Amino acid sequence: MTNSFDAIVVGAGVVGASCAHYLVEAGLSVAVVDRGSVAAGTTGAGEGNILVSDKEPGPELDLALLSQRLWTELIDVIGPAIELEPKGGLAVGYEQHTFDHLRAFATEQAACGVVATPVTGADLLELEPNLNPEAAGGVFYPQDMQTQPMLAAAHLIARGVRMGRITLHTNANVVAIPRDARGAVTGVETTTQTLQAPLVVNAAGTWGGEIAALAGVNVPILPRRGFILVTEPLPVIVNRKVYSAEYVANVASDDAALQTAAVVEGTHSGTILIGASRERVGFDRTLDWTVVQRLAQQALQLFPRLAQASLLRTYGGFRPYCPDHLPVIGPDARVPGLMHACGHEGAGVGLSAATGFLIAQAAIGVSPLLSLAPFAAERFDAHHVAVVHA
Amino acid sequence: MSDQRDIIIIGAGAAGMNAAYVAAEPGLAVTVVDANPCPGGQYHRRGALEQRYRPSGCSDENRWARVEILSGQQVYAVNSMPDTGHVLVRMRGDERHPHEIGILRARALIVTTGAMDRQLAIPGWQLPGVMAGGGAQSLIKGSGVLPGQRTLVTGTGPFLLAVAASIVQAGGEVAAVIEANAPAGLARHTRKMFPAAVAKTAEAARFAGILARHRVPYLTRRRVTRIAAGAVDTQGRACVSEATVQRIDSQWQPKPGTEQRFDVDCVTLGFGFTAQLDLLLQLGCAITDAPDGGLAVLVDERQATSRPSVFAAGETTGIGGVDLASVEGRVAGLHAAAELTGRAPATALVKSLHRQRRHLHGFATALALAFPVPTQWVNDQPGETIVCRCEEITLGDIRSARDDLGATDPRSIKLLTRAGMGWCQGRMCSFSVEGICGRQANVAAQAASASRPVSVPVPLGAIARDENVMRESAQ
Ligand SMILES: Cc1cc2nc3c(=O)[nH]c(=O)nc-3n(C[C@H](O)[C@H](O)[C@H](O)COP(=O)(O)OP(=O)(O)OC[C@H]3O[C@@H](n4cnc5c(N)ncnc54)[C@H](O)[C@@H]3O)c2cc1C
Ligand SMILES: Cc1cc2nc3c(=O)[nH]c(=O)nc-3n(C[C@H](O)[C@H](O)[C@H](O)COP(=O)(O)OP(=O)(O)OC[C@H]3O[C@@H](n4cnc5c(N)ncnc54)[C@H](O)[C@@H]3O)c2cc1C
């Protein structure tokens, strides 16, 4: 087996898998390296929402819209196994003033290409018959989708492996990123072997800062904890992905304290997922029952019928976030051959397709479909001067 | 009544009840919480009418008067309060009262949640009429119901004799006892621990005598390799009608051409037990590997775990039988009480308990070594064998996640196939999945797949309304 590749992707999460996929599509041979199994990190600890609805106008929304388009194409490439469902999202305002706020937000989004339809009364209940009838109104986002992120990551990689274009190295911890005299990366060293490539993609999610440090650069990525509640399998109660209006405010928030805003959705297997809390408490895994209770209360406010449903389990993980809540995507100007694809916070599944696509464009020197400037790793350097495009 | 207790014991089996009796020093409020309708645990299972289980040597009713027993309460979560060090015990009522939930607060906790049957997937194990050995025994002891008309008792260990004996004593027929190992191995391992071995060997001999009187064949170095269903019955169910038994090698791989068929309507499978560690894992207690290939909570001389004021005894510290559970329970009770009263327990008593524990523990280890349970063979069965019964995931599904999708450990197998995500939360399939993964999973990986943040399902409505949580967070 050769140890030399066109590119090495560190991290077999959904972002790494997508990078590997589009690099292969661009004609490169790729090694994917993970210290655990496929989807061992946050990809195996979150939900699979692919959303445009929760993004305010700006670079992240542009990325989300591109991703949304690419995901619909991916269904044809990898097939039904990834449980991709274009079910649409419904943001619900319980009080009149939150609904008004939602509507105003939707108008701004619509100007950027988001399809958003305000719904009230009977129309709302037709979309979600079990929704609390007291809700003031909602906005329906037909572009929102859902996938099973672990399966998405696994199948994207497996396809490349079957084609003979991806070599998967699991249980291989990257411990060094050697560089040549020019300072350019030459590959990675794992606990078991040395792999060579002129291009290393850092897709290590929450641990992306550690990989960047191995290459000698700073990329500030921190964990933001989240828990999800899982019910017993039930007959369909929830059709779409339904969330309360507060959710959008929390996603963008800088507050370290606990935030919860229920996002309720059904899955293929009949279970209902209730997410998600957001807290900055480092890597502490201890379950907090205050969080569980708040999520349960908010979910019941949306769907009173869930009161009878049993909580079967909870799980959670650590979203990779950057201080400005934008991911780090693209070549690192400080280290030739190093690219980053990490720090996607609570949207890595959704944004993974566009991220992989843009990484592949950069790898073969095609000018990117979206400007990578807002996502540049150097933006955190003290002396960095942002290049403003006219 | 206030929610504050001095010592809370979770599990009213031999370990928990001994711990409670010993811990009930004057001035200490001791509470035992148990899921079953009455105390006694696995071994001392009685009909619901017989309420009063008293472990032998625990006859001082003044002590029992200080012990509060809450039966029919399932503990779904425990956690320790970072500020006060108190442990919060969250429980819900039984199947008929799942919405009734409550919280108790303890200064010290003793976890004696026992063990559950360890299961392994074989073709046909999901059929009605197949059950775990412990399950069959509980059925007979608890409700006086026979598991079948004619039963094949299979698996490994002296426990098979106990199951077979209770079936014939309850008037059932046992077609044969199929032991995968060879009991001769035991003598080699037990020679050094004579006192404990004698009592246990006598018990086994008594069971063997019962089986001999009923002319039940005892066949060794064989295992059941396939269980087949008969015609569909009036309720539309196809129940067990036949089991195939084969000779096996030391890794339990079947030898071709040795098939032997038994016409039976019930098959029991006994592959040992799995310690119930959910609550201890929630508390973050250190876990270790046990000689039987499973996990156990790590305890010191005092039965104290790695977490402050959390003790454990009985099967949670490693599968060891009812006598070891009783002794460990006493040690835990003594030391938990001593920690709260500040009075050291009598040295002579402690010494004698420690000595008994050492002997019984040695015997348990010998048993585990004499009746090993290899698991790699699980992987070599037909692809259509159901592994996860809750989600109906087959061996073929798991093999393809492992071979084609890059899942190398039980957690990623679960994420990619749903094996272990269903109602039982992997309690039935995790040992099989570890076997299929091949690579001996390390303790951390095994503990990760055994950890369940919610031990028992709880209605969302009950959680949402729970005022205790609100008070807790208001503090
Ligand atoms: C509760 C919760 C809910 C969420 N819900 C959603 C949602 O609905 N929609 C959405 O889009 N996003 C959601 N997210 C966020 C999403 O899960 C993440 O953004 C995404 O999974 C990140 O993927 P990744 O591939 O970058 O990282 P990861 O999946 O963490 O992958 C990184 C990989 O790098 C590996 N690695 C790390 N260090 C090394 C090393 N030294 N050597 C080798 N390998 C290494 C890790 O083992 C890991 O497998 C949620 C997150 C949480 C916690
Ligand atoms: C069929 C069978 C036959 C056996 N025969 C013998 C024998 O012949 N000789 C021998 O030495 N040993 C035998 N054993 C083993 C013996 O039963 C155990 O060693 C003994 O019961 C261990 O005692 P324990 O207190 O540790 O656990 P257990 O007796 O299992 O008690 C644990 C208790 O904890 C409760 N519990 C668990 N989780 C929770 C929760 N979350 N909330 C509330 N309550 C909970 C359970 O309901 C149970 O009552 C046999 C076991 C079985 C199953």
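The values are calculated or read from the model by the stated rules, or taken from the named source; none is laboratory data. These numbers come from a predicted model, not from an experiment. As a convention, Cβ positions derive from the backbone with ideal geometry for all residues, glycine included, and neighbour counts pool all protein chains shown. Remember, those area values only see protein heavy atoms, side chains included, never the ligands or the DNA or RNA. Shrake-Rupley method; radii C 1.70, N 1.55, O 1.52, S 1.80 Å.
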**Request:** Quickly estimate the mean residue ellipticity at 222 nm for chain A, helices only: each DSSP H run with n ≥ 4 gives -39500 (n - 2.57), and the total goes over all residues, rounded to 500.
**Result:** -9000 deg cm²/dmol
**Request:** Could you work out which residue, out of A:D54, A:D62, A:D123, moves most in a Gaussian network model of chain A, that is, has the largest mean-square fluctuation with Cα springs under 10 Å?
**Result:** A:D123
**Complete:** With the 1.4 Å probe rolled over protein heavy atoms, chain B has an accessible area per residue in Å² of 41 Å²
**Fill in**
For segment B:329-475, the accessible surface attributable to carbon and sulfur atoms (probe 1.4 angstrom, ligands and nucleic acids excluded) amounts in percent to 53 percent
**Item:** Rounded percent of accessible protein surface that carbon and sulfur make up, segment A:1-112, 1.4 Å probe
**Value:** 51 percent
**Request:** Could you order B:Y21, A:Y141 by accessible surface area, starting with the largest, using a probe radius of 1.4 Å?
**Result:** B:Y21, A:Y141
**Request:** Using amide H atoms built 1.01 Å from N in the peptide plane, name the residues 5+ places from B:T220, or on other chains, whose amide H lies under 5 Å from its own.
**Result:** B:E179
**Prompt:** Can you tell which of B:A106, B:H214, B:I398 lies farthest toward the positive end of the dipole of the protein assembly as shown, using +1 and -1 charges on the Cβ of basic and acidic side chains (Lys, Arg; Asp, Glu)?
**Reply:** B:H214
**Request:** Name the residue farthest towards the positive end of the dipole of chain A from the options A:H340, A:T2, A:T43, assuming +1 on Cβ of Lys and Arg, -1 on Cβ of Asp and Glu, about the Cα centre.
**Result:** A:T2
**Prompt:** For chain B, what is the relative contact order in percent, using Cα pairs closer than 8 Å and at least 6 residues apart in sequence?
**Reply:** 18 percent
**Message:** Output needed: percent of Cα pairs per 10 Å distance bin for segment A:277-353, bins running from 0 to the one holding the longest distance.
**Reply:** 14, 32, 29, 15, 7, 2
**Message:** Tell me the accessible surface of B:H86 in square angstrom (1.4 angstrom probe, heavy atoms of protein chains only), to the nearest ten.
**Reply:** 50 Å²
**Asked** Across chain B, how many lysine pairs, 8 or more apart or on two chains, come within less than 25 Å at their alpha-carbon atoms?
**Response** 4
**Message:** Among B:331-338, B:460-467, how do they line up by average Cβ neighbours within 10 Å per residue, starting with the highest?
**Reply:** B:331-338, B:460-467
**Item:** By accessible area with a 1.4 Å probe, ligands and nucleic acids excluded, highest first: order of A:F227, B:F273
**Value:** B:F273, A:F227
**Asked** Once amide H atoms are built 1.01 Å from N in the peptide plane, which residues 5 or more positions from B:D3, or in another chain, come under 5 Å H to H?
**Response** none
**Request:** May I ask for log10 I(q)/I(0) of segment B:286-440 at q = 0.15, 0.19, 0.20 Å⁻¹, from a Debye sum over the Cα atoms as equal point scatterers with solvent left out?
**Result:** -0.84, -1.06, -1.12
**Message:** Quick one: 3J(HN,Hα) in Hz for segment A:90-103, Karplus 6.51/-1.76/1.60 with θ = phi - 60°, rounded, Gly and Pro as x.
**Reply:** 10, 8, 10, x, 6, 8, 4, 5, 6, 5, 4, 4, 4, 5
**Request:** Could you run the Debye sum over the Cα atoms of segment B:215-254, one equal point scatterer each and no solvent, and tell me log10 of I(q)/I(0) at q = 0.26 Å⁻¹, two decimals?
**Result:** -0.84
**Prompt:** Expressed in nm to one decimal, what extension gain is obtained for the pair A:F283 and A:R69 from 0.36 nm per residue of sequence separation less their Cα-Cα distance?
**Reply:** 73.7 nm
**Asked** Other chains near A:195-207: what is the mean number of their Cβ atoms within 10 Å of each residue's Cβ?
**Response** 0
**Message:** Using the Kirkwood radius over C-alpha pairs as Rh, can you work out the diffusion coefficient of segment A:42-168 via Stokes-Einstein at 4 °C, viscosity 1.567 mPa s, in µm² per second?
**Reply:** 80 µm²/s
**Fill in**
Long-range alpha-carbon pairs in segment A:1-72, meaning those over 17 Å apart, account in percent for 56 percent
**Prompt:** Hey, what's the per residue convex hull volume over the C-alpha atoms of chain B, in cubic angstrom?
**Reply:** 159 Å³
**Fill in**
Dividing the mean separation of Cα pairs under 8 Å (6+ apart) by the residue count of segment A:70-200 yields a relative contact order in percent of 23 percent
**Asked** With heavy atoms of protein chains only and a 1.4 Å probe, what residues of segment A:260-303 have at least 30 Å² less accessible area in the full set of chains than alone?
**Response** A:S269, A:W289, A:T290, A:Q293, A:A296, A:Q297, A:L300
**Asked** Across peptide A:227-236, what mean number of C-beta atoms from other chains lies inside 10 Å of a residue's C-beta?
**Response** 2
**Asked** Kirkwood Rh over Cα pairs of the protein assembly as shown into Stokes-Einstein at 37 °C, 0.692 mPa s: D in µm²/s?
**Response** 112 µm²/s
**Asked** What's the average, rounded to a whole number, of partner chain beta-carbon atoms within 10 Å of each residue's beta-carbon in B:412-420?
**Response** 5
**Asked** Over all Cα pairs of segment B:256-321, how is the pair count split among 10 Å bins, expressed in % and running from 0 up to the last occupied bin?
**Response** 19, 39, 16, 14, 11, 2
**Asked** So how many Å³ per residue does the convex hull of the Cα atoms of segment B:342-432 work out to?
**Response** 160 Å³
**Prompt:** Given a Förster distance of 22 angstrom, what is the FRET efficiency for A:C112 paired with A:D324, based on the Cβ-Cβ distance and rounded to 0.05?
**Reply:** 0.70
**Prompt:** When chain A is treated as a GNM, springs tying every alpha-carbon pair under 10 Å, which of A:G44, A:G79, A:G316 comes out with the largest mean-square fluctuation?
**Reply:** A:G79
**Asked** Roughly what percent of Cα-Cα pairs across chain A reach past 41 Å?
**Response** 12 percent
**Request:** State which stretch of chain A is the longest one without any exposed GluC sites (Glu not before Pro), exposure meaning a DSSP loop state and at most 14 other Cβ atoms within 10 Å.
**Result:** A:135-390
**Prompt:** Which semi-axis lengths, in whole Å and largest first, follow from the square roots of five times the eigenvalues of the Cα gyration tensor of segment A:61-127?
**Reply:** 28, 16, 8
**Request:** Taking the Cα centre of segment B:34-130 as origin, sum charge times position over the Cβ atoms of Lys and Arg (+1) and Asp and Glu (-1), and report the length of that vector in debye to the nearest 20.
**Result:** 120 debye
**Under 5 Å, built H, 5+ apart or other chain: amide partners of A:S29** = A:D6, A:A7
**Request:** May I ask you to evaluate 6.51 cos²θ - 1.76 cosθ + 1.60, the Karplus curve with θ = phi - 60°, for each residue of segment B:227-243 and list the ³J(HN,Hα) values in order in whole Hz, giving x for glycine and proline?
**Result:** 10, 10, 9, x, 5, 5, 8, 5, 8, x, 9, 9, 9, 4, 10, 7, 10
